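Chemist: Pasting a structure here, questions to come.
The values are calculated or read from the model by the stated rules, or taken from the named source; none is laboratory data. Quantities reported herein were computed from a predicted structural model and do not represent experimental measurements. Glycine gets a Cβ as well: all are built from the backbone with ideal geometry, and neighbour counts include every protein chain shown. Each accessible area value is taken on the protein alone, full model and side chains, heavy atoms only, with ligands, DNA and RNA left out. Shrake-Rupley method; radii C 1.70, N 1.55, O 1.52, S 1.80 Å.
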Amino acid sequence: MALKFNLMFPMRAVKHYREWIGDGSLGEVAKYSEEAGFEGFSMSEHPYPDREWLANGGHHAFDPFVSLAIAAEATKDIRLITYLMVVGYRSPYLGAKAVTSLDLLSGGRVTLGLGAGYLESEFDALRVDYKGRGKLFDEGIDAMRATWRGEEHDGPAFGVAGHVALPLPLTVGGPPIWIGGNSKAARRRVIEKADGWMPIAQKAEMAAITKTPPLEDIGALGAQVTAQNKLRAEAGKSDIDVSFVPFESGVLRTGGAKEFVAAVAPKLAAYEDAGVTWITIEPTSRTFADFRTDLAVMSDGLVNRPPARA
């Protein structure tokens, strides 16, 4: 199966969006991405980050469902991906309703990237239990899946009787779920509750911030994907989708789109061999005009390149 490419909206553009977009629109950003050959368009989530985190490399984000709805209206086939939605930030029933609405109204194009979250200050600001986020994450997935089936969920935190949420999503049983993170708990959820995985390329310093294990080379990535698929096979489940931001992504900041393409293109076969099915790219374009230029470079050099193997 050929690699697919997912375009992450440049998170650094959110803070200065009006200056960044100029006379353009978010719908145009999504449309250009689809026309360039990207098969996914994604948004992150940080509703209320703290100033210290922002000053040390953090970023703002649009509401993922509002922004992806605008992207849906401007496109035809591109998948709409949360990269990622933090389950604990909202009631799973509000989350299920937002996901259902986007999935149905977009023609079944949602892929739901989910995470436990790591920014304790944001949990505190939202009055959400940070220490209990893992259990809430697990049960939240179960509650959403039950809601998408038109059933009720019975559980300690979110169990409720006598309720139903209609209409149901267009994707029967709800959209595919990808789990973000490198931790043992994240990998367990991939096996037990999900359809895909979004591991994080990071060195030990960043791992200390995100509170998830480091992942520093393609060999280690491939070993972990193989282990995941083996456990899924033993459970009678199919291989997972794996979406990955390339290890070479730092080149986008230090060089640019051309340098990034030159660094990543020779590695695509290795990523495929490692079990990666989606490559996620977040451009660092400083304006919408630059974005269009960068997108053309990536389209020619990566997204619409000849196959890595004949």
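Chemist: Can you list residues from other chains, or at least 5 along the same chain, whose modelled amide H is less than 5 Å from the amide H of Met85?
Modeler: Counting only residues 5 or more places away or on other chains, the set is Gly113, Leu114, Gly115.
Chemist: Pairing the Cα long axis of helix 133-148 with the longest principal axis of the chain, what angle in degrees results, from 0 to 90 and rounded to the nearest 10?
Modeler: Rounded to the nearest ten degrees, it is 80.
Chemist: For Val110, which sequence-distant residues (separation of 5 or more, or a different chain) have an amide H within less than 5 Å of its own amide H, given hydrogens modelled in the peptide plane?
Modeler: Excluding prolines and chain starts, which carry no amide H, the hits are Leu80.
Chemist: Tell me, what HN-Hα J-couplings in whole Hz come from the Karplus equation 6.51 cos²θ - 1.76 cosθ + 1.60 at θ = phi - 60° for each residue of segment 30-37, using x for Gly and Pro?
Modeler: Rounded to whole hertz, the list is 5, 5, 4, 5, 5, 5, 7, x.
Chemist: Using the Kirkwood radius over C-alpha pairs as Rh, can you work out the diffusion coefficient of segment 10-111 via Stokes-Einstein at 37 °C, viscosity 0.692 mPa s, in µm² per second?
Modeler: Here the translational diffusion coefficient equals 228 µm²/s.
Chemist: Related question: Once you've got the Cα coordinates, tell me which of Lys31/Lys267; Lys97/Lys184; Lys97/Lys258 are over 32 Å apart.
Modeler: Lys97/Lys258
Chemist: Using modelled amide H (1.01 Å from N, peptide plane; none on Pro or chain starts), what sits under 5 Å from the amide H of Val242, excluding residues fewer than 5 places away?
Modeler: Correct list: Trp197, Thr277, Trp278.
Chemist: What FRET efficiency would be calculated for the residue pair Ser121, Asp63, taking the C-beta separation as r and a Förster radius of 22 Å, to the nearest 0.05?
Modeler: 0.70
Chemist: Dipole magnitude of the chain about its Cα centre, charges +1 at Lys/Arg Cβ and -1 at Asp/Glu Cβ only, in debye to the nearest 20?
Modeler: That gives the chain a dipole magnitude of about 300 debye.
Chemist: Classify segment 201-310: rounded, prolate or oblate, from the alpha-carbon gyration tensor (a ≥ b ≥ c, eigenvalue square roots; a/c under 1.5 rounded; otherwise prolate if a/b is larger than b/c)?
Modeler: It is oblate, given that a/c is not under 1.5 and a/b is not larger than b/c.
Chemist: Would you work out which of Ala186, Gly58, Leu126 lies farthest towards the positive end of the dipole of segment 25-240? Charges go on Cβ: Lys and Arg +1, Asp and Glu -1.
Modeler: Farthest towards the positive pole: Ala186.
Chemist: What number does segment 80-134 give for Rg over Rh if you use C-alpha atoms and the Kirkwood radius?
Modeler: Value, to two decimals: 1.03.
Chemist: May I pose another question? Out of [x] 1.05; [y] 0.99; [z] 0.94, which label holds the value of Rg/Rh (Cα atoms, Kirkwood Rh) that was computed here?
Modeler: After the calculation, the listed value that fits is [z].
Chemist: What are the ³J(HN,Hα) values, in whole Hz, obtained from phi via the Karplus relation 6.51 cos²θ - 1.76 cosθ + 1.60 with θ = phi - 60°, for each residue of segment 166-176 in sequence order, with x given for Gly and Pro?
Modeler: Using θ = phi - 60°, the values come out as 10, x, 7, x, 5, 6, 4, x, x, x, x Hz.
Chemist: Solvent-accessible area per residue for segment 25-240 at a 1.4 Å probe radius, Å²?
Modeler: Here the residues of segment 25-240 average 46 Å² of exposed surface.
Chemist: Using θ = phi - 60° and the Karplus curve 6.51 cos²θ - 1.76 cosθ + 1.60, what whole-Hz ³J(HN,Hα) does each residue of segment 106-119 get, with Gly and Pro shown as x?
Modeler: 9, x, x, 9, 8, 10, 9, x, 10, x, 6, x, 9, 8
Chemist: Right, next: Give me the extension gain from Arg188 to Lys15: residue separation times 0.36 nm, minus the current Cα-Cα distance, reported in nm with one decimal.
Modeler: 58.8 nm
Chemist: Carbon and sulfur: what percent of the chain's accessible surface (1.4 Å probe)?
Modeler: 54
Chemist: Going by alpha carbons, how many degrees (0 to 90, nearest 10) lie between the helix axis of 288-298 and the longest principal axis of the chain?
Modeler: For 288-298 against the chain, the angle is about 80 degrees.
Chemist: Another one. Taking the simple approach of a point 7 Å from Cα along Cα-to-Cβ for both Ala157 and Glu28, what is their distance in nm?
Modeler: 4.2
Chemist: Need the C-alpha centroid separation for segment 68-145 versus segment 162-176, integer Å.
Modeler: Answer, in whole Å: 14.
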